[in-house]
């Protein structure tokens, strides 16, 4: 480990992104002991392909270039939103994951720097992120505050479409 490539993902990276997204969701479920998500890798793949093609989302990846067959070891997913309170457009970090073996090696910091540079190019006024559930992911909160994010308060809420079961 040690030599990593960082770049914007393209369609050739979809399989690696699907794997990392599934690992992220599984980790959240395992740590919280709550099945927050249904992990459907085929649906994740379709969404990633569509988001890359339509540029509704952008993904930056970290690739281990040292003998592991160029394994994708981390990613950050970004999307654009608009609001009056931000005075225009801003970015949202929707997903962020680094494989356990690659944590605390600077991979997450570098992915975040790639995202921040992209945000400047897009002229986003700010970046927002919601951490996974606390206190189980207190380390995520520390990572973001250490990297210049501040707590804005409130709680993340959701209303989901009811899925038909057969």
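Say we look at the stretch 1-18 and pick out the residues that are in contact (Cβ under 8 Å) with a residue 40 or more places away in the chain and surrounded by 16 or more Cβ atoms within 10 Å (Cβ to Cβ); which of these is nearest to the chain's Cα centre (by Cα)? Among them, the one singled out is 17.
Condition check ((1) touching a strand residue (DSSP E or B) at 6+ places or on another chain (Cβ under 9 Å); (2) under 15 Å from residue 97 (Cα atoms)) across all residues:
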site: 21; (1), (2): yes, yes
site: 24; (1), (2): yes, yes
site: 28; (1), (2): no, yes
site: 33; (1), (2): no, no
site: 38; (1), (2): no, no
site: 46; (1), (2): no, no
site: 52; (1), (2): yes, no
site: 64; (1), (2): yes, yes
site: 73; (1), (2): yes, yes
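Is it the case, given these coordinates, that residue 95 is part of a strand (DSSP E or B) and more than 20 Å from residue 37 (Cα to Cα)? Considered against the rule, which asks whether it is part of a strand (DSSP E or B) and more than 20 Å from residue 37 (Cα to Cα), residue 95 comes out as no. Annotation note: Cβ proximity below 6 Å between a residue of the stretch 19-42 that is part of a loop (DSSP other than H, G, I, E, B) and a residue that is surrounded by fewer than 16 Cβ atoms within 10 Å (Cβ to Cβ) (sequence gap 6+ or interchain) occurs for 35/29. Could you go through the stretch 128-135 and let me know if any residue there is closer than 22 Å to residue 33 by Cβ and assigned to a strand (DSSP E or B). So far as the stretch 128-135 goes, no, none of its residues is closer than 22 Å to residue 33 by Cβ and assigned to a strand (DSSP E or B). Residues that are touching a helix residue (DSSP H, G or I) at 6+ places or on another chain (Cβ under 8 Å) and at pLDDT 95 or above within the stretch 21-53 comprise 21, 22, 39, 41, 44, 45, 48, 49, 52, 53, listed in sequence order. Just give me the residues in the stretch 115-132 being out of contact with any strand residue (DSSP E or B) (no Cβ under 8 Å at 6 or more places or on another chain), in contact (Cβ under 8 Å) with a residue 12 or more places away in the chain and loosely packed, with under 15 Cβ neighbours inside 10 Å, in sequence order. Correct list: 130 only.
The values are calculated or read from the model by the stated rules, or taken from the named source; none is laboratory data. Fair warning: this is a prediction, and the values are worked out from it, not measured in the lab. Glycine gets a Cβ as well: all are built from the backbone with ideal geometry, and neighbour counts include every protein chain shown.
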